[in-house]
1. How many nm is it between the label spots at GLU69 and GLU193, if each spot is 7 Å from the Cα in line with the beta carbon?
2. Given the whole protein assembly as supplied and a 1.4 Å probe, what does the accessible area of MET47 come to in Å², nearest 10?
3. Go through THR224, LEU46, PHE103 and say which Cα lies farthest out towards the positive end of the charge dipole of the chain; charges sit on Cβ, +1 for Lys and Arg, -1 for Asp and Glu.
4. With every protein chain kept in the model, how would you rank PHE206, PHE192 by accessible area, 1.4 Å probe, largest at the top?
5. State in Å² the accessible area per residue of the chain; use a 1.4 Å probe, count heavy atoms of protein chains only, and round to the nearest integer.
6. So what J values fall out for segment 208-216 if you push phi through Karplus, 6.51 cos²θ - 1.76 cosθ + 1.60 with θ = phi - 60°, rounded to Hz, Gly and Pro as x?
7. List the residues whose amide H sits under 5 Å from the amide H of GLY155, counting only those 5 or more places along or on another chain, with H placed 1.01 Å from N in the peptide plane.
8. So for segment 15-137, considering every pair of alpha-carbon atoms, how many percent are separated by more than 21 Å?
Amino acid sequence: MIPWKLVAETSRPEGAKLALWRRDLDGRPPEFSLRILEPNKPTNELMNSRQHNSEKALSELALKALGREAKSLLVGGLGMGYTLRAALDNLPSSARVTVAELFPEVVAWNHDYMGDLAGRPLDDERVRVHVGDVAGLFGKDKGQYDVILLDTDNGPEGTTADDNEQLYSDAGLANMWATLTQGGILAVWSAFESPAFTRRLQRVGFDATLERPRAHGKSGPRHTVWLARRR
């Protein structure tokens, strides 16, 4: 068994720690893991670099569902950069992309340790990074984004951060609805399904469908992507 090594960590206000781990595999690229460590709770892995297919699918499915060329796109949650890379690979050179990441350390780790995983998407001139809560970007400018990609937690229910409960609430979704262009797409990643969240999307004015991409190519667990179109 190849051991994991702690690369970096940062403390969260509620006492938990966000940590980046790495292990070096013989003859293969290194594997990275982003984990939440909370006192007296099992370690919660937020993302693993070996299982990122559904993060790429989040971008690809949303841009296909849009049905037109996207001029502006918002990514909520940087992670390891796979969602952002997939978006950039399917956007025109004139597109504007904003990435909102709550933790400045995650942005730094993408520059310092994980940049090569997804081809250094933060170096793309189309990208602007907003360090802070993605919720602060919703509802201020109406019709600002053609596509919003949201991957800030393990899903819309039982979130790891209290602030994310508000993000996925009726009020939070209504703010996202207002920030999208007419016919724009909100795509939400989750590790699990939630009929209650589907009803919530519909209640605030979205037409919502589900996709179930696998975590790792044609294998691994299936994750959930909601594709919600603003009516």
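The values are calculated or read from the model by the stated rules, or taken from the named source; none is laboratory data. This one's a predicted model, so the numbers in the text were calculated from it and none came from an experiment. A quick note on method: Cβ atoms are made from the backbone with ideal geometry, for glycine too, and the neighbour counts reach across all protein chains shown. For accessibility, only protein heavy atoms count, side chains too; no ligands or nucleic acids. Shrake-Rupley method; radii C 1.70, N 1.55, O 1.52, S 1.80 Å.
1. 3.8
2. 20
3. Of the candidates, THR224 comes out farthest on the positive side.
4. Values: PHE206 0, PHE192 70 Å².
Highest to lowest solvent-accessible surface, that is PHE192, PHE206.
5. Roughly 47 Å² per residue, with all protein chains present.
6. 10, 10, 10, 10, 10, x, 7, 6, 9
7. Hits under the 5 Å cutoff: ALA191.
8. Details: 3126 of 7503 pairs.
The answer is 42 percent, as a whole percent.
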